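The values are calculated or read from the model by the stated rules, or taken from the named source; none is laboratory data. Quantities reported herein were computed from a predicted structural model and do not represent experimental measurements. Here the Cβ is made from the backbone with ideal geometry for all residues, glycine too, and neighbour counts use every protein chain on show. Areas reflect the complete protein model, heavy atoms only, side chains present, ligands, DNA and RNA absent. Shrake-Rupley method; radii C 1.70, N 1.55, O 1.52, S 1.80 Å.
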Amino acid sequence: MALHSSFLQRNRSFVRGSVASALAVFLSFGVSGCGVGTLAGSSAPSTGAFTLSGNLHGGQQPIIGATVNLYRTGTTGYGKGSTLLATYTTGTGGNFAFTKSATNSDAVDGSTATWACPTAGDPQIYLLAIGGNTQGQAASTTTSGNSTITTSQSNTASVMMSALGKCSTISSSTVVQINEMTTVASVVALQQYINPGTSAGTATVGTSSSTQGTVGLNNAQSGITNLVNIASGQPMGVNTVTNNGLSVTVTPEAAKLVTMANILAACINSTNGVTTTTTTTNGSSNSSSVPSTSTSCADLMAAAAPPALASTTSQPSATFNAAVDTLQAAYYMAVNPTDAGTVASCQSTSGATTNIACLYGLSSSIGPFAPGLTAVPTDWTIGVNYASTSACTYGSFLLYPYLLESDAQGNIWAVSGGSNATLSELSPAGVPQVCALGNTASGRGIAIDIAGYVWISAYTGTSGILRYDPTSSSSIAFNESGITPYAITADGSGNIFYTSSVSKIVRELPGASSATAAVTGQTIGGAITATPYFMAVDQAGRIWVTDTSTTGGLYDFYPDTSANATNGYSTANVGSTTYTYNNYGIAVDGSNVIWMPNSSSRNTLGWVTPASASTATLNATAAYAGGITSPRGAAVDGAGNIWAPNGVAELSGLYSVSKFDKSGNALSPTVGTTSAANNGGYQKPTTVFSNTLRGVTIDPSGNVWMGSNTTTGTSIAEIVGAAVPVVMPLSVQLQNGTVATKP
């Protein structure tokens with residue numbers, strides 16, 4: 001997909017802010033695993049030959065005789081095309097070392113420990129470690145008569161991963177650990193780009209060849225730094241990042257990461273196969289292998305179930321077989337995180353009847369990493385909270401981040417619903433970037449147009465529409481007296497549409513994306529009977545507007561050339577109290593289906609299939625399906641899945657986001673019950689985000705970002721890698737006909 005050129009010009013690459021000492025952030029976790037490695041240096045990558053070294057551990061034990069493969073990621077599709085660059089067999093300390101060639105080369109051997117960056121492009125580099133003696137023991141040799149007998153153990157189910165970054169960023173000071181923690185963090189962050197393979201150690205990593213496909217993979221890689229320290233193999237704790245005079249506190253769900261690592265360790269650190277080789281004096285030899293007898297591995301492979309439908313993943317044509325190695329199991333935990341199906345058997349966990357409970361039981365209280373969870377979780381998704389009490393000239397940075405949207409580079413823009421409508425920007429890794437446009441009014445809407453400009457609607461005080469240029473840090477006010485803007489959206493042709501909460505009308509700013517000064521708006525179509533809170537544009541050019549009334553308002557502003565039209569549009573209310581009662585969000589998928597989370601007493605997800613102009617078919621889920629409870633927003637990912645953050649707490653005061661497939665089937669969990677207290681969507685994050693959720697956006701990496709519906713809220717929550725990557729922003733989807741598709 002070729003993105004609009006002016007749009008790309010206006011989207012800067014993000015700047016990593018200064019970061020507090022990485023060594024300090026994991027000390028509070030009291031990890032009892034293996035030793036801490038040396039942090040990667042900050043000097044520029046060497047252009048000459050150097051050694052990339054590290055250690056492979058299963059919990060506390062070095063893994064001996066394992067095959068460590070160095071790969072570069074592919075560009076022929078999601079989960080496709082990775083290339084083996086080099087290989088190494090670990091020594092007695094679990095050590096490995098790869099020698100980088102002094103020059104770049106496209107010639108790839110892969111059979112030695114020497115590698116090179118390619119002559120063009122700068123791909124991501126990652127390591128896979130396969131098998132080896134996970135008991136920390138070298139092979140033993142004995143002599144009997146004229147025979148030499150060598151006995152070794154290799155856990156063929158042990159496959160671990162460390163994602164390192166771009167080829168150009170690796171240097172002689174890069175030190176790497178591969179263990180269960182680096183495996184979980186790498187898989188969670190890169191889950192949309194991994195194909196787990198069909199046999200042990202055959203996982204591949206890749207993205208599409210598009211510009212935004214590369215951006216998505218690169219950003220997903222950068223997010224790993226919020227989860228684990230690759231150089232030490234230890235989990236990241238609370239960390240503070242600063243930039244442009246602003247600070248953000250980053251808090252990952254470290255306890256859940258630790259629990260997932262300990263689950264893998266239960267299999268990795270088990271005795272899982274013995275190979276005996278006998279060599280006689282005449283040179284003949286034979287070998288025999290004892291198959292796995294590990295109950296921990298058997299339970300892991302059974303309870304880490306593949307997703308039921310490949311169509312809901314980034315690889316809809318893939319075949320997902322039962323897991324046979326720990327990397328595949330970690331992948332299935334990431335992409336099928338709420339699977340609470342009945343476990344066939346669970347030898348390791350007494351009384352476990354569900355997959356989640358069986359997996360949790362594998363995480364021993366004396367596991368190699370600590371502290372982990374103290375109860376069975378609702379899911380295996382990983383959340384990160386980004387909080388800030390910083391302020392700039394214009395007001396508070398993240399106070400009441402009401403609604404948000406991702407741009408083409410994966411930066412997250414949020415508008416404050418407070419008295420100062422501050423526009424805030426976070427980098428894809430959560431580093432603060434922009435604090436602008438304050439001292440105006442309460443923000444109520446945000447949109448990014450095809451040129452990369454960011455638009456917000458200001459509700460009270462000096463109300464109006466503001467356009468911000470990220471390149472020049474300048475803005476233009478499109479003020480119109482008495483309008484009181486609320487919702488706002490951008491189409492694929494450079495036009496801006498917004499609603500008036502007082503006049504209850506829809507206005508258009510024709511060609512505003514390319515305007516060099518404020519343009520005069522015009523009213524389109526007819527009036528609305530209640531407050532129009534949310535709006536969206538479909539690929540047919542229809543403007544869809546919802547209200548929060550109890551009379552079921554869903555308004556279709558459809559293009560109309562007749563004399564009865566107002567500025568090219570007519571209006572029809574196609575709503576119903578049964579399906580569109582009290583809407584707090586709207587999203588459009590690739591088939592022009594309109595998705596609306598229905599709040600208040602309905603607690604459903606409704607959807608509308610448009611027919612001819614002014615007509616449509618209405619549908620809705622059962623109440624509480626997918627854990628949906630007083631939802632406050634909607635977004636569609638690259639597989640057409642719908643995400644809706646919930647505005648009422650569930651399950652002991654925790655907040656969640658619900659997920660549905662493109663047919664409206666609930667995916668988290670599959671059924672709902674009659675009360676919020678018994679439901680659970682994806683809980684985000686369980687211990688660090690207590691604000692009511694409002695607004696949701698999905699970035700080109702598949703991260704799900706949610707704002708706060710609390711006036712005193714000062715944070716944004718992220719679910720790492722949980723959604724299928726999607727082309728962003730929404731206006732570019734419309735411009736290029738790529739609505740709800742992967743980059």
*asked:* Every residue in region 155-177 that is farther than 20 Å from PRO368 by Cα, part of a loop (DSSP other than H, G, I, E, B) and not aliphatic (A, V, I, L, M), please.
replied: THR156, SER171, SER172, SER173, THR174
_I'm trying to understand the selection: among the residues of region 580-613, which are within 22 Å of ALA666 (Cβ to Cβ), open to solvent by 30 Å² or more (accessible area, probe 1.4 Å) and touching a Phe, Trp or Tyr at 6+ places or on another chain (Cβ under 8 Å)?_
TYR584, SER600, SER601, ARG602, TRP607
_Hits in region 95-146 - residues which are of a type in the set (A, V, I, L, M, F, W, C) and not in a loop (DSSP other than H, G, I, E, B)_ = PHE96, ALA97, PHE98, TRP115, ILE125, LEU127, LEU128, ALA129, ILE130
*How do the pairs read when you match residues in region 165-185 that are open to solvent by 20 Å² or more (accessible area, probe 1.4 Å) with residues anywhere that are among the polar types (S, T, N, Q) and outside any helix (DSSP H, G or I), using Cβ under 8 Å and keeping only pairs 6 or more apart or on different chains?*
LYS166/GLN124; SER172/SER46; SER172/THR51; SER173/THR38; SER173/SER43; VAL175/THR38; VAL175/SER53
*Out of all the residues in region 260-271, is one or more assigned to a strand (DSSP E or B), over 27 Å from SER388 (Cα atoms), open to solvent by less than 10 Å² (accessible area, probe 1.4 Å) and at pLDDT 95 or above?*
no
*What's the number of the condition ASN244 fails, among (1) open to solvent by less than 10 Å² (accessible area, probe 1.4 Å); (2) in contact with a Gly (Cβ under 9 Å, 6 or more places away or on another chain); (3) of a type outside the set (Ser, Thr, Tyr)?*
(1)
*Has region 81-88 got at least one residue that is part of a loop (DSSP other than H, G, I, E, B) and open to solvent by 60 Å² or more (accessible area, probe 1.4 Å)?*
no
*asked:* Conditions first: (1) open to solvent by 10 Å² or more (accessible area, probe 1.4 Å); (2) more than 29 Å from ALA723 (Cβ to Cβ). GLY121 passes all but one, so which condition is the exception?
replied: (2)
*Kindly list the number of the only condition in (1) in a loop (DSSP other than H, G, I, E, B); (2) open to solvent by 40 Å² or more (accessible area, probe 1.4 Å) that fails for GLY552.*
(2)
*Determine if region 709-719 includes at least one residue that is at negative phi, assigned to a helix (DSSP H, G or I), open to solvent by 10 Å² or more (accessible area, probe 1.4 Å) and in contact (Cβ under 8 Å) with a residue 12 or more places away in the chain.*
no
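Residues are listed down the side, and each one gets a yes or a no for (1) free of Cβ contacts under 8 Å to residues at least 24 places away in the same chain; (2) in contact with a strand residue (DSSP E or B) (Cβ under 7 Å, 6 or more places away or on another chain); (3) surrounded by 22 or more Cβ atoms within 10 Å (Cβ to Cβ):
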{"position": "ASP299", "(1), (2), (3)": "no, no, yes"}
{"position": "ALA304", "(1), (2), (3)": "no, no, yes"}
{"position": "ALA329", "(1), (2), (3)": "no, no, yes"}
{"position": "MET333", "(1), (2), (3)": "no, no, yes"}
{"position": "CYS346", "(1), (2), (3)": "no, no, yes"}
{"position": "GLY351", "(1), (2), (3)": "yes, no, no"}
{"position": "THR354", "(1), (2), (3)": "yes, yes, no"}
{"position": "ILE366", "(1), (2), (3)": "yes, no, no"}
*Could you figure out which of (1) in a loop (DSSP other than H, G, I, E, B); (2) open to solvent by 20 Å² or more (accessible area, probe 1.4 Å); (3) under 30 Å from THR741 (Cα atoms) isn't true of TYR558?*
(1)
*Odd one out for GLY521, checked against (1) in contact with a Gly (Cβ under 8 Å, 6 or more places away or on another chain); (2) under 19 Å from ILE450 (Cβ atoms); (3) free of Cβ contacts under 8 Å to residues at least 60 places away in the same chain*: (1)
*Among (1) surrounded by fewer than 21 Cβ atoms within 10 Å (Cβ to Cβ); (2) modelled with pLDDT under 50; (3) under 28 Å from LEU217 (Cβ atoms), where does GLY30 come up short?*
(3)
*asked:* Which count do you get for residues in region 372-389 that are open to solvent by 10 Å² or more (accessible area, probe 1.4 Å) and over 19 Å from VAL250 (Cβ atoms)?
replied: 7
*asked:* Going by what's in this entry, would SER144 be described as modelled with pLDDT of 80 or more and of a type in the set (S, T, N, Q)?
replied: no
*List pairs: first in region 558-576 and among the acidic types (Asp, Glu), second crowded, with 18+ Cβ neighbours inside 10 Å, Cβ under 7 Å, 6+ apart or cross-chain?*
ASP560/TYR569; ASP560/SER570
_Lone unmet requirement of (1) without any contact (Cβ under 8 Å) to a residue 60 or more places away in the chain; (2) open to solvent by less than 20 Å² (accessible area, probe 1.4 Å); (3) closer than 17 Å to GLY383 by Cα for ALA649_ = (2)
*Kindly indicate which of GLY79, GLY58 is at positive phi and at pLDDT 90 or above.*
GLY79
*asked:* Show the residue pairs meeting these rules: Cβ distance below 6 Å; 6+ apart or different chains; first residue within region 589-606 and of a type in the set (Lys, Arg); second residue part of a loop (DSSP other than H, G, I, E, B) and open to solvent by 20 Å² or more (accessible area, probe 1.4 Å).
replied: ARG602/TYR581
